[in-house]
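Data block below; observations after.
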Amino acid sequence: MSSSTFLCPVAFSLSQKPLQSTFLQSSPNPSLLTLSILPKKLRKAHQLRSLIVAKSNGSDSADVPDRLISALCYFYPFFDGIQYGKYVITQFYPVQAIVQPLVPAIRVFKSFPFNGFLVFLTLYFVVVRNPNFSRYVRFNTMQAIVLDVLLIFPDLLERGFNPRDGLGLDLLMSLDSTVFLFLLVCLIYGSSSCLLGQIPRLPIVAEAADRQVL
């Protein structure tokens, strides 16, 4: 009699469902089970590692091809506006030394009058509007495009105001030199930042690029 009474609680406990199986059925995400059985320190390390992996595989990742493509895009507005440096290049040897290695590529770019427009269409429709490229590439490409579009304003001013000498010529030389130096700084800053995997935000054009790239 005493032995049967002792076995009754044991038999009752064996008839219940295991505690672990109940947890597995109620848990919608298997990873939650893995985290729940880890100690707190290991759990935090596991969560941090998962966050890093998710971020590296996101649309804002910048691997080596993305960096190279983004860096090359900043040569487009510089090549398109190289004519604004005709005064600076001839007067300052350091600037001439920077531009000299790019002369063959500039000549190819300027060899056909519609090359700039064709490059614009290619970058915008093939890269910016292509979701297969990461947002990193599309944002930097759009910055280069917006920077090139802004060259319309000094071009219109130069066509409508073309003095031959005097104060007007000095103002025109200052305008052209300012535009060229701005393009050169954008090229150096944008390309070097992209090669390092950073996101360059150029003044004036960064917000416009953000609005165009979703």
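The values are calculated or read from the model by the stated rules, or taken from the named source; none is laboratory data. Note that the structure is predicted; figures quoted are calculated from it, not measured. FYI the Cβ positions are ideal-geometry reconstructions off the backbone, even for glycines, and counts take in every protein chain you see. These area figures cover heavy atoms from the full protein model, side chains too; ligands, DNA and RNA do not enter into them. Shrake-Rupley method; radii C 1.70, N 1.55, O 1.52, S 1.80 Å.
Determine whether LEU196 is surrounded by 15 or more Cβ atoms within 10 Å (Cβ to Cβ) and not polar (S, T, N, Q). Walk me through how you get there before you give the answer.
Numbers: surrounded by 15 or more Cβ atoms within 10 Å (Cβ to Cβ): no; not polar (S, T, N, Q): yes.
No, not satisfied.
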Do we have LEU156 as closer than 20 Å to LEU183 by Cβ, at pLDDT 95 or above and of a type in the set (A, V, I, L, M) here?
no
Residue within segment 155-163 that is hydrophobic (A, V, I, L, M, F, W, C), more than 20 Å from the chain's Cα centre (by Cα) and either loosely packed, with under 11 Cβ neighbours inside 10 Å or not in a helix (DSSP H, G or I) (or both) present:
yes
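Please count how many residues of segment 129-144 are more than 9 Å from the chain's Cα centre (by Cα) and surrounded by fewer than 23 Cβ atoms within 10 Å (Cβ to Cβ). Walk me through how you get there before you give the answer.
The first filter runs over segment 129-144 and keeps only residues more than 9 Å from the chain's Cα centre (by Cα), leaving 129-133, 142-144.
Subsequent filtering for residues that are surrounded by fewer than 23 Cβ atoms within 10 Å (Cβ to Cβ) retains 129-133.
Final tally of qualifying residues: 5.
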PRO94 versus (1) surrounded by fewer than 10 Cβ atoms within 10 Å (Cβ to Cβ); (2) modelled with pLDDT of 90 or more; (3) within 27 Å of VAL127 (Cα to Cα): which is the lone unmet condition?
(3)
Criterion first (free of Cβ contacts under 8 Å to residues at least 40 places away in the same chain and under 19 Å from THR90 (Cβ atoms)) does ASP155 satisfy it?
no
List pairs: first in segment 161-179 and closer than 13 Å to GLY85 by Cβ and of a type in the set (A, V, I, L, M), second modelled with pLDDT under 80 and open to solvent by 90 Å² or more (accessible area, probe 1.4 Å), Cβ under 8 Å, 6+ apart or cross-chain?
none
Let me confirm something: among LEU147, LEU195, LEU187, LEU183, which residue is under 25 Å from VAL64 (Cα atoms) and out of contact with any Phe, Trp or Tyr (no Cβ under 9 Å at 6 or more places or on another chain)?
LEU195
Given the condition open to solvent by less than 40 Å² (accessible area, probe 1.4 Å), of a type in the set (A, V, I, L, M, F, W, C) and touching a Pro at 6+ places or on another chain (Cβ under 7 Å), answer yes or no: does some residue in segment 111-127 qualify?
no
Of (1) over 30 Å from ASP170 (Cα atoms); (2) at pLDDT 50 or above; (3) in a helix (DSSP H, G or I); (4) open to solvent by less than 60 Å² (accessible area, probe 1.4 Å), PHE79 satisfies every one except (1)
Would a scan of segment 178-192 turn up a residue that is assigned to a helix (DSSP H, G or I), open to solvent by less than 10 Å² (accessible area, probe 1.4 Å) and farther than 26 Å from ALA62 by Cα?
yes
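Check whether at least one residue in segment 176-186 is under 15 Å from the mean Cα position of the chain (by Cα) and among the aromatic types (Phe, Trp, Tyr), and report yes or no. Talk me through it step by step, then tell me what you get.
To start, the set of residues in segment 176-186 that are under 15 Å from the mean Cα position of the chain (by Cα) comprises 186.
Within this subset, residues satisfying the condition of being among the aromatic types (Phe, Trp, Tyr) are none.
No: segment 176-186 contains no residue that is under 15 Å from the mean Cα position of the chain (by Cα) and among the aromatic types (Phe, Trp, Tyr).
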What do you reckon, is GLN143 assigned to a helix (DSSP H, G or I), free of Cβ contacts under 8 Å to residues at least 24 places away in the same chain and under 17 Å from VAL185 (Cα atoms)?
no
